[in-house]
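Mind looking over this structure? Questions follow.
The values are calculated or read from the model by the stated rules, or taken from the named source; none is laboratory data. All values reported here derive from a predicted model rather than from experimental measurement. Note that each Cβ is placed from the backbone with ideal geometry, even for glycine, and that neighbours are counted across all protein chains shown.
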Amino acid sequence: MASPHLALLAAALALCAAAPARAQPRAAPPPAGAPYAIVYAAPPAAVARGADPAGAGDAADAEVAALQAAAARRAERAGSLSGSFPARARLAALLPRITAEYRHEEQSNRVVGLQGSGEVDYLRVAPGNTFLLRATWDLGRLVAAPGELQAAAQDAARARRRDEAVARATRLHFERQRLRVRLVLAPPAESLARAELELEIARLGAELDAVTGGAGVAR
C-alpha cells in the first residue's frame, strides 16, 4: 500500500507538469540606430594600439621613413646637377668647335724687262677674298671629361650631407617624441618647468621642419 506522502508528491508533480510554462519577459527592443553604436563602438586609440602593437610599430616606422626621405631630398637640392655631369660632359665632346675666318688679300706683281721687240714695265694687281669655316672635335673628352674628378668629389660631399641630414632628422624626431611622452605621462609640477618643456618641444619641431622642408609640421 502506497504511503500518503508519496501520493501527495506524485500529485504535486502531476500538477507542475500540467501547468503551462510561464513565458519569460522579453526585453524591450533598443531604439533604432543606438544599440549597434554602443555594442560595436570602436575602441580608444590606446586600446587599439595595445591590441595591435604590430600595426602601431608599422605606422611609426612609416613616419620615420617619411621624415628621413624628406631630409634626404632637402639635402640633395643644392647639388642636384652634378650627378649627371659625366654624361653631359661626354655628350658635349661630340659637339664640334666651329671657327670662322675671313681674309682679304691685295696681291700685286710688277713685271719689268724685255718682251718681244720692246721694253715692258707694268704692275699687275690681283685682290682676293678668302672665307674659312673650320670644325674641330676633341675626342679625348669622350674618355675622360675635364672636371670629372671635381664632380665625383661633389657627389661624395652631397652623399655625406644627405646622410648627416637623415641622421639629424632622426635624432630630432625621437628627441621630440621623448619630450612629448614625458609631457603627457610625467608632466612637471611647476608651471615654469612645464612651459620650458613645451618651448623645447616647439623648438625641436621647428628645427625638424627646417631639416625636412616642412615635412615634420603635422607630426
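When the residues of the stretch 111-138 are narrowed to those that are at pLDDT 85 or above and exposed (fewer than 10 other Cβ atoms within 10 Å of the Cβ), which ends up farthest from residue 87 (Cα to Cα)? Write out each step before concluding.
In the first step, residues of the stretch 111-138 are kept if they are at pLDDT 85 or above; the result is 129-137.
If we keep only those that are exposed (fewer than 10 other Cβ atoms within 10 Å of the Cβ) too, we end up with 129-133, 135-136.
Numbers: 129: 42, 130: 39, 131: 35, 132: 32, 133: 29, 135: 22, 136: 20 Å.
Result: 129.
Given the residues 160, 178, 134, which is the only one that is in contact (Cβ under 8 Å) with a residue 12 or more places away in the chain and of a type outside the set (Phe, Trp, Tyr)?
Values: 160 fails: in contact (Cβ under 8 Å) with a residue 12 or more places away in the chain; 178 fails: in contact (Cβ under 8 Å) with a residue 12 or more places away in the chain.
Just one listed residue meets the conditions, 134.
So, one more: Answer yes or no: is there a residue in the stretch 102-121 that is under 40 Å from the mean Cα position of the chain (by Cα), free of Cβ contacts under 8 Å to residues at least 24 places away in the same chain and over 30 Å from residue 202 (Cβ atoms).
Taking the stretch 102-121 and keeping what is under 40 Å from the mean Cα position of the chain (by Cα), we get none.
No: zero hits.
Within the stretch 72-92, does at least one residue satisfy the condition of being exposed (fewer than 10 other Cβ atoms within 10 Å of the Cβ) and either hydrophobic (A, V, I, L, M, F, W, C) or in contact (Cβ under 8 Å) with a residue 24 or more places away in the chain (or both)? Before you say what the answer is, go through the steps one by one.
The first filter runs over the stretch 72-92 and keeps only residues exposed (fewer than 10 other Cβ atoms within 10 Å of the Cβ), leaving 77.
The next check asks that each one be either hydrophobic (A, V, I, L, M, F, W, C) or in contact (Cβ under 8 Å) with a residue 24 or more places away in the chain (or both); those that pass are none.
Looking through the stretch 72-92, none of the residues is exposed (fewer than 10 other Cβ atoms within 10 Å of the Cβ) and either hydrophobic (A, V, I, L, M, F, W, C) or in contact (Cβ under 8 Å) with a residue 24 or more places away in the chain (or both).
Here are some conditions: (1) basic (Lys, Arg); (2) closer than 30 Å to residue 96 by Cβ; (3) loosely packed, with under 13 Cβ neighbours inside 10 Å. Residue 141 meets all but one. Which one does it not meet?
The number of the failed condition is (3).
On to the next question. Can you tell me which of (1) over 26 Å from the mean Cα position of the chain (by Cα); (2) buried (at least 16 other Cβ atoms within 10 Å of the Cβ); (3) of a type in the set (Asp, Glu) is the one residue 209 doesn't meet?
(1)
Given the options 189, 202, name the one that is farther than 19 Å from residue 75 by Cβ and either in contact with a helix residue (DSSP H, G or I) (Cβ under 9 Å, 6 or more places away or on another chain) or part of a helix (DSSP H, G or I) (or both). Write out each step before concluding.
Working: 189 fails: either in contact with a helix residue (DSSP H, G or I) (Cβ under 9 Å, 6 or more places away or on another chain) or part of a helix (DSSP H, G or I) (or both).
After ruling out the rest, the residue left standing is 202.
Residue-wise test of (1) more than 30 Å from residue 108 (Cβ to Cβ); (2) charged (D, E, K, R).
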{"residue": "124", "(1), (2)": "no, yes"}
{"residue": "135", "(1), (2)": "yes, no"}
{"residue": "139", "(1), (2)": "yes, no"}
{"residue": "142", "(1), (2)": "yes, no"}
{"residue": "155", "(1), (2)": "yes, yes"}
{"residue": "163", "(1), (2)": "yes, yes"}
{"residue": "169", "(1), (2)": "yes, no"}
